[in-house]
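Here's the structure, in C-alpha cells; my notes come after.
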Amino acid sequence: MKKKKEPLKYHIFQNITFLLKCIRREHPLLLIFIIMQVILSVISPVFGIYIPKITLDLVMGSADTAQIFLVLGGFGIVMVLSMALSGMANEGKYIMYNDMRRYYQMELFLQSLSCDYKNVESEEGQTKYQRAMSTLRNGDWSGTSIMIVSSIDIVVSLLCFFIYSGIMSSLSPYMVLLLIVLSLISLFGTRQAQSYEYKQNDLTAAYEKKLSYVIRTGSNAAFGKDMRLYHAGGWFQELRSSLIEESAKLAGKIQDRYFASGVVNAFVLFLRDGIAYSYLIYAVSAGQITIPEFTLYFGAVTAFSGFVNGIVNNLNELNGANLQMNSMRAFLDNTNDPEPETPLALSDLKEYSIEFCDVCFSYGTDTGFVLDHFNLKINAGEKIALVGVNGAGKTTVVKLLCGFYKPDSGIILIGGQDINNFRKKDLLKLYAAVFQDIYIPPFTAAENVSMQELKTTDRNRVEECLVKTGLWEQFCGQPTGIDTPMTKEITGGIVLSGGQQQKLLMARALYKDAPILILDEPTAALDPIAESRTYEQFHEIASDKTAVYISHRLASTRFCDKIAFLSNGKITEEGTHDELMQKGGAYSQMFALQSQYYQNKEVAAAYAEA
Ligand SMILES: Nc1ncnc2c1ncn2[C@@H]1O[C@H](COP(=O)(O)OP(=O)(O)OP(=O)(O)O)[C@@H](O)[C@H]1O
C-alpha cells in the first residue's frame, strides 16, 4: 500500500518566525536591512506610476517650465536616492544570508554531534540528515534564504497591491476582481507542480544517498584493492549510471509538471493583461478617462499585474522553501530520549557491577527481538567474555549498556542503580571501549588517543598509553612524534595498519581510565604476538575494573573470570572455560570446531592451553 505523506509539522508563518528569531539573535543588522528594503521597495514603484501622470497634468495644465523642472527634479532625486539605498540593501544582505546559512549548517552539525546515537545510526536518522543538509547546499536558492527573500517580496507586493487596488478600483472594482481571480488560477497550477515535487522528496533523497554512498565507496582507498582485484569498477560505474539515470528520470517528471503549469500560467497571464488593456483603451476612446489618467491606469495595470504575480510567485517560492525548512527542522528537532528528572551523581556509585534484568530489545517493529528476556550479572571487578555466533547480539548488549539504545522492557543496573537514572553524559564517563568498527579521524596521534584538543591533552600520559599498547615505537621514530597526523593527506602524516589502529584504540581506552572496560573484538586484526600481548595488557589495564570482552577467538577468552555464551537473545551457558568444556554444550562444540583447524595436534593443544 502506498505510504501516506505526513502533514508538514511547521506552517509558513511558524518557519518565518523561526528564521527571524535566528536572524535577530545572530545578525541583527540584517533585520535593519530587511526593513529598509521593504520601505524603499514600496516607495519606488508608487513614484514610478505617478510621475508620468503628474508630468502630463503639468504639461497639459497651466504650469510653467520652471515649476515642471522643480517637481520632476524633486521626484528624480527621491527616486535616485531610494534606488541607491535599495541597491545597497540588496547587495549587502546576500553576504549576511551567507553568514546565516553557515550558522544553520553549524546548528545541524552540532545537532548531529549531540543527538542520541540511535538517531545517527538509523536509516531514518541518516535520511533526515541528508535532507536537512541538502536544503542548505543551493546558496541563495536555499530554503532559508528564499523564505526571507520571498517574504520581503510578498510584504512589498502586498503593500503595493493595496495602494494600486485603491487606484484601480476608482476605475472599476470588477477590474481588480478579475485581475485577482486570474492570478489565483495561475497560483493553483504552480502549487500542483510543487506539491508533486514534495511528494517525490523521499525518493530524491534516497537516490542522493545511494549515489553518494556509491561514489564514496568507489573512491575509498580501503576498498580500492578489492575493486581492482575483483574487477568491480564496471559494476560501480553501472550502479552510478543507473542511479543517475533514475534520478534524472524523476527530475524530468518533476520538470514536466513545472512545464505544464508554466504553459497554463502563460495563457492565464495573457488573458488577464489582454482584458485589462482592452478595457483601458475602450475607456479612453469613449472619453470615460483623460489621457493623464490613462497613463496612470495603464502603469497601474502593468504594475498591478506585476504585484499580483509577485505575490503569487513568491507564495509558490515560499511553499517550496517551507518544505525545505520542514526538512531542516525535522533534523534539528530530532527528539532525544529525556534526561532523568532527578539524576543520580556518579559519586553515588559504590561499585561498578553490571546487571541486565529481563531485557528485551529489537531495533524496530519490523525486526525480531535481538535480546529476548536477556539476563546477565557481572560482579564488580569481574572480567567477563561474551561469546556467540555472528549476529547473536553481543555488540547490541554493549550499545544498551552505554545507553545508546533503550531496552523495550527490562532494566540495566550499574552498581545496583538503573542506568536511566544517570545523565547520558555521566553514564558514558563510566566506560572506556574499543569498538569493532575502527575509524581513526585524521588528527594527530596524541589527539586520537586523548580525544581532546592538544592544549588539554596530557602528552606524558599519551606516551605512557602508547608504550603500554606497544605502539610507541611507531611514533618515537617520527620527526613529529605523537603530533604525527593520522592521514597521508597531510605532509608527514602516516597511515597505521589495521592491527596498529586497534592498538591506538586500546591506548585511547587506556587514556580514558574509566571504571568499566569494554573490548569488542579488539584482537581481530592483531598478529599472534600482539594478540598475546593484548591479553597481558588487558589483565594489567583491567586489573581493578569491571570488564566485558567480546571475541570470536574462544581461546582468547580463557583469561576472563567467566564466559557467557549468547544465543537466541539469551545467555544459554555461563561459567569458566573448564566448566563450559565439561558441560559439552554449544560453547565446547564451538571451541572444538575452532581448534580442529590446527592440523598439528601440538599446536591445537597449545591453542587449547593458550
Ligand atoms: N542499527 C541496527 N539496525 C537494525 N538492526 C541491527 C542494527 N545493528 C545490529 N542489527 C542487527 O541486530 C543483530 C545483532 O547484531 P550485533 O551487531 O549485536 O551482533 P554481534 O553478536 O555483535 O555480531 P558479530 O559477532 O558479527 O559482531 C543482527 O541481526 C544485526 O543485523
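Quick query: amide H of residue 383 versus all other amide H atoms, modeled in the peptide plane; which residues come in under 5 Å with a sequence gap of 5 or more or a different chain?
Sorted by chain and number, the residues that satisfy this are 547, 561, 562.
Per DSSP helix of 4 or more residues, -39500 (n - 2.57); summed, then divided by the residues of the chain. What does that give at 222 nm, rounded to the nearest 500?
About -21000 deg cm²/dmol.
Tally the DSSP beta bridges in region 409-552 and give the antiparallel ones as a percent, rounded to 5.
That works out to approximately 25 percent antiparallel.
Distance between the C-alpha centers of region 337-401 and region 470-486? Whole Å please.
37
Kindly state, to the nearest 0.05, the FRET efficiency for residue 90 paired with residue 589, given R0 = 56 Å and r defined as their beta-carbon distance.
The pair residue 90/residue 589 has a calculated efficiency of 0.15.
From the phi angles alone, apply the Karplus equation (6.51, -1.76, 1.60; θ = phi - 60°) to region 379-384 and give each ³J(HN,Hα) in whole Hz, x where the residue is Gly or Pro.
Coupling constants for region 379-384: 6, 4, x, 7, 10, 10 Hz.
Once you sort the root eigenvalues of the Cα gyration tensor of region 79-213 as a ≥ b ≥ c, which label holds: rounded (a/c under 1.5), prolate (a/b larger than b/c) or oblate (the other case)?
The shape class here is oblate.
Taking amide H atoms as placed 1.01 Å from N in the peptide plane, list the residues 5 or more away in sequence, or in a different chain, whose amide H sits under 5 Å from that of residue 360.
373, 374, 408, 409, 410
Quick one: Cα centre-to-centre distance for region 133-204 and region 569-590, in angstrom?
With region 133-204 and region 569-590 each reduced to a Cα centre, they are spaced 71 Å.
What's the magnitude of the charge dipole for the chain around its Cα centre, counting Lys and Arg as +1 and Asp and Glu as -1 at the beta-carbon? Answer in Debye, nearest 20.
Result for the chain is approximately 1180 debye, rounded to the nearest 20.
Over region 12-332, what relative contact order in percent results from Cα pairs under 8 Å that are six or more residues apart?
RCO, region 12-332: 33 percent.
Using modelled amide H (1.01 Å from N, peptide plane; none on Pro or chain starts), what sits under 5 Å from the amide H of residue 570, excluding residues fewer than 5 places away?
Answer set, sorted by chain and number: 372.
Which one of 237, 496, 280 has its Cα pushed farthest toward the positive end of the charge dipole of the chain, where Lys and Arg give +1 and Asp and Glu give -1 at the Cβ?
Selected residue: 280.
What length, rounded to one decimal in nm, is gained on full extension from residue 544 through to residue 568, with 0.36 nm per residue of separation minus their alpha-carbon distance?
Result for the pair: 5.5 nm of gain on full extension.
Once region 432-504 is represented by equal point scatterers at the alpha-carbon sites, with solvent omitted, what log10 I(q)/I(0) does the Debye formula produce at q = 0.13 Å⁻¹?
Scattering profile of region 432-504, log10 relative to I(0): -0.33.
For residue 246 and residue 141, calculate 0.36 nm times their separation in residues minus their Cα-Cα distance, and state this gained length in nm to one decimal.
35.4 nm
Take the Cα coordinates of region 306-404, assign each an equal point scatterer, and use the Debye formula without solvent to give log10 I(q)/I(0) at q = 0.20, 0.21, 0.22 Å⁻¹.
After summing over all Cα pairs, the log10 values are -1.16, -1.20, -1.23.
So what J values fall out for region 323-339 if you push phi through Karplus, 6.51 cos²θ - 1.76 cosθ + 1.60 with θ = phi - 60°, rounded to Hz, Gly and Pro as x?
5, 5, 4, 5, 5, 5, 6, 4, 6, 4, 7, 2, 7, 7, 4, x, 7
For region 12-332, taking Cα atoms only, what is the radius of gyration to one decimal and the Dmax to the nearest whole Å?
26.0, 94
Given +1 on the Cβ of Lys and Arg, -1 on the Cβ of Asp and Glu, and no further charges, what dipole in debye does region 12-332 carry about its Cα centre, rounded to the nearest 20?
740
Placing +1 on the Cβ of each Lys and Arg and -1 on the Cβ of each Asp and Glu in the chain, which of 471, 300, 94 has its Cα farthest towards the positive end of the resulting dipole?
Result: 300, furthest along the dipole toward the positive end.
Can you tell me what share of the DSSP beta bridges in the chain is antiparallel? A percent to the nearest 5 is fine.
Antiparallel bridges make up about 50 percent of those DSSP assigns within the chain.
Taking a threshold of 30 Å on the Cα-Cα distance, which of the pairs 377/583; 383/425; 93/424; 399/545; 9/570; 21/429 fall above it?
93/424; 9/570; 21/429
What's the longest piece of the chain with no exposed chymotrypsin sites (Phe, Trp or Tyr not before Pro), counting a site as exposed if DSSP puts it in a loop and it has at most 11 other beta carbons within 10 Å?
1-229
Checking the a/c ratio against 1.5 first, then a/b against b/c, what shape does the Cα gyration tensor give for region 363-421?
It comes out oblate by the Cα gyration axes.
Please label the shape of region 545-587 as rounded, prolate or oblate, based on the square roots a ≥ b ≥ c of the eigenvalues of the alpha-carbon gyration tensor (a/c under 1.5 means rounded; beyond that, a/b larger than b/c means prolate, else oblate).
Judged from the Cα gyration tensor, region 545-587 comes out oblate (a/c at least 1.5, b/c at or above a/b).
Which semi-axis lengths, in whole Å and largest first, follow from the square roots of five times the eigenvalues of the Cα gyration tensor of the chain?
For the chain, the semi-axes come out at 70, 26, 23 Å.
Distance in nm between label sites at residue 79 and residue 341, each 7 Å beyond Cα in the beta-carbon direction?
6.8
For region 12-332, build the charge dipole from Cβ charges (+1 Lys, Arg; -1 Asp, Glu) around the Cα centre, then report which of 205, 49, 315 sits farthest towards its positive end.
Projecting each Cα onto the dipole axis, the largest value belongs to 205.
The numbers here are math on the coordinates, done by the rules we state, and not lab data. The model shown is predicted, which means the values in this text are computed figures rather than measured ones. No Cβ is skipped: glycine too gets one built from the backbone with ideal geometry, and neighbour counts run over all protein chains shown.
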